[in-house]
Amino acid sequence: MTTATSASRQATQAVAPLQAALAAEHAAVYGYGVAGAMLSGADQATALTDWKIHQEARDTLQEMIGKLGTTPVAASAAYALPFTVDDARSARRLAAALEDGVTRAYLALVAVTDPAMRTFGALAMLPPANRAAAWRGSTVAFPGMQQSPLRASHRPSLAAARQREHPGDRGRGTVNVIGDRDPLRP
């Protein structure tokens, strides 16, 4: 495979995550318009600054996608909000949710094979992760990753895990506690 073919394949692989990041930026631009209308004072000024940052990021992504020979995804006329935004508290929650969505979108770029795009994604996800933490008032363990829906009370017990044996281990008392295969066994 030639270097040009490899570079072309890497660029093609990056288009979908770049488009997803652009879509997230479009949604953030829209969402900050909603959030900003419910905020005042320093929070409204911060929302305005963040809105401008997302506009700049949107423009950068549109340019990057265009240089790859693809038409950038267009913004929607309106977006469904994840919850009702009717006061300053819900507006701050929306701002955090928007930033979490943008962080997730940039995280997807870290999985592409092009080192430049991976670096871009890794660096681009840091500012929205920090903004999400600022709006939320706390951090999350892994910014950009979906939080587990499991709570401590919903985790399977060791007794339940013991019921799932490896097919080759029947009768020997070996239990698969982690997923489909015990990572400690060859």
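Quick notes
- A straight chain from Thr70 to Ala134 at 0.36 nm per residue would run longer than the Cα-Cα distance by 19.6 nm.
- Dividing the radius of gyration of the alpha carbons in the stretch 1-142 by their Kirkwood radius gives 1.03 for Rg/Rh.
- Neighbour-count order for Asp43, Asp86, fewest beta carbons within 10 angstrom listed first: Asp86, Asp43
- All other residues whose Cβ lies under 10 angstrom from that of Ala96 are scored, Lys and Arg at +1 and Asp and Glu at -1, for a net of +2.
A short reminder: the numbers here are calculations on the coordinates, not readings from a lab. None of the values given here were measured: they were computed from a predicted structure. Positions of Cβ are backbone-derived with ideal geometry, glycine not excepted, and every protein chain shown enters the neighbour counts.
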